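Comments concern the structure below.
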Amino acid sequence: MLITFEGIDGCGKSSQAKLIADRLRDQGIETLLVREPGGTALSEQIRSMVLNEKHEMPLSHATELLLFAASRAQLVKEVIEPALKRNAVVVCDRFTDSTIAYQGYGRGLPLAYIRSVNDLATGGLVPDVTFLIDVPLELAIQRRKGMGDDRMESESRLFFTHVLQGYMALAQKHPDRIHVIDGNDSLEDIHHTIYRLVEYERGNELRHASHAATPVVTQPLAETFVGAEGVLVD
Ligand code: Z5A
């Protein structure tokens, strides 16, 4: 199961990602906690390139998009895919929704390009469940006080307002996958809500797995439609 955490920086997602990963491990469930950008040796190098605030050469928006995607492609191939094949739980601090929100809504790059780049980087992998920790911008800024800003975090309030709008648009588009969590609550209350939802999703996954094991009558091939690009369509 792939669980991702999203939200503007300072919303509390890294704290929640760690809490749920620790809780699952305590139950004996193999659980990996990774972050984006990062999570492999190469991806961590890309992280320092893309987030270093002391850049002598400014990054173009397209370069920034491709660097985040390169970090993700490596993380998916090297860590996430093998872990999911072993039935481990992967908790990822940021994933493809960050790119839509930051590079799409924040930077204004066309969403269609971003979706294609995301698909290329992930091979089409979509999180099973995403927690979007929702806090007002002012609270996020207050929580981050004294933490030091990287290149992205030094952006303007207007930029982050657009990022927040992007996240809300994503939540509306994918209500089955993205749970919007009120980040104003205490760390413990938020964790409790997330834990309950994860348990529910894991239960669903187990139910689906047992259904998949029972033979089902499938539609005869002749009744499926082959679309223009040779892709089978129901
Ligand atoms: N980025 C992108 O543009 N495109 C992409 O595709 C990807 C990323 C993948 C990564 O930054 C940057 O890359 C990010 C988006 C961009 N930049 N921005 N801006 P990062 O990895 O360095 O950091 P971050 O992910 O943005 O956030 P963070 O600094 O890790 O913060 P957080 O995860 O949101 O919050 P936290 O560390 O859990 O908590 C912050 C503080 O608040 C801490 O002191 C906590 O103890 C406290 N906290 C947390 N929750 C609470 C509650 N509930 N009550 C009170 N206090 C709390």
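The values are calculated or read from the model by the stated rules, or taken from the named source; none is laboratory data. Worth saying up front: this structure is predicted, and the values here are computed from it rather than measured. Reconstructed Cβ throughout: ideal geometry from the backbone, glycine too, with neighbour counts over all protein chains shown. Surface areas here come from the heavy atoms of the whole protein model, side chains and all, with no ligands, DNA or RNA. Shrake-Rupley method; radii C 1.70, N 1.55, O 1.52, S 1.80 Å.
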Exercise for the section: Might you work out the accessible area of Leu132 for me, using a 1.4 Å probe with all protein chains in place, and round it to the nearest 10 Å²? Expected result: 10 Å²
Handout entry: Pairwise label distance in nanometres, Arg157 with Leu197, each label 7 Å out on the Cα-Cβ vector
Key = 2.8 nm
Problem - Exposure of Ser60 as accessible area (Å², to 10), given a probe of 1.4 Å and all protein chains - result: 60 Å²
Completion exercise
Ratio for segment 70-191, C-alpha Rg to 2.2 N^0.38 Å, reads 1.13
Problem - Additional length obtainable on full extension of the chain from Asp119 to Ala88, 0.36 nm per residue less Cα span - result: 9.0 nm
Problem - Calculated Rg and Dmax of the chain using C-alpha coordinates, Å - result: 18.9, 64
Exercise for the section: Pop a pseudo-label 7 angstrom from the Cα along the beta-carbon direction at both Leu139 and Asp26 and give the gap in nm to one decimal. Expected result: 2.4 nm
